[in-house]
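A short worksheet on the structure shown next.
The values are calculated or read from the model by the stated rules, or taken from the named source; none is laboratory data. Since the structure is predicted, the reported quantities are computational estimates derived from the model, not experimental observations. A quick note on method: Cβ atoms are made from the backbone with ideal geometry, for glycine too, and the neighbour counts reach across all protein chains shown.
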Amino acid sequence: MEDTIEKLSSLLKVVGNKTRLTILGYLKEKELCVCDLVNLLSMSQPGISQHLKKLRAAGIIHERREGTWAYFRINTELEPYLAQIIEAIPSQTDRLKDYEASVQNNCCDVEVENK
């Protein structure tokens, strides 16, 4: 039982951070690249990467590599209490639509074209 409480406590600490909750709010809408999250949250790439690392280590998100790019999505096999927390995060659909309308191409596509 102590292990269960310790695990629960650790997971709640991971999702209890405002930035990580915001990231999860975006990821519950769709899979995103690190560069998308950098732009959406107006944070540095290393800062976003640290938050993603914690979410990934906790098993809350999955990473998919495509060339040099990393894409992230919510793990669909979460404990029910984690799934409920993520479901309770306010929708980020409007913010994502505004963001997508403001960029001509995906930021990853733009950088690939420039090489």
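What to note about this one:
- Residues in the stretch 66-86 that are modelled with pLDDT of 95 or more and part of a strand (DSSP E or B): 4 in all.
- Test: residue in the stretch 36-54 that is outside any helix (DSSP H, G or I) and within 19 Å of LEU82 (Cβ to Cβ): no
Every residue, every condition in (1) out of contact with any Leu (no Cβ under 7 Å at 6 or more places or on another chain); (2) surrounded by 11 or more Cβ atoms within 10 Å (Cβ to Cβ), yes or no:
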site: VAL38; (1), (2): yes, yes
site: GLN50; (1), (2): yes, yes
site: LYS54; (1), (2): yes, yes
site: ALA58; (1), (2): no, yes
site: GLU66; (1), (2): yes, no
site: TRP69; (1), (2): yes, yes
site: PHE72; (1), (2): no, yes
site: ILE89; (1), (2): no, yes
site: THR93; (1), (2): yes, yes
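- Leading residue by the ranking (surrounded by the most Cβ atoms within 10 Å (Cβ to Cβ)) among those in the stretch 74-87 that are within 16 Å of LYS30 (Cβ to Cβ) and touching a residue at least 24 places away in the same chain (Cβ under 8 Å): ILE74
- Residue in the stretch 12-27 that is surrounded by the fewest Cβ atoms within 10 Å (Cβ to Cβ), counting only those that are under 8 Å from the mean Cα position of the chain (by Cα) and farther than 14 Å from GLY47 by Cα: GLY25
- GLU79 vs. criteria charged (D, E, K, R) and either within 13 Å of THR22 (Cα to Cα) or out of contact with any strand residue (DSSP E or B) (no Cβ under 7 Å at 6 or more places or on another chain) (or both): yes
- Residue tally, condition of a type outside the set (Val, Ile, Thr), assigned to a helix (DSSP H, G or I) and in contact (Cβ under 8 Å) with a residue 12 or more places away in the chain, over the stretch 88-106: 3
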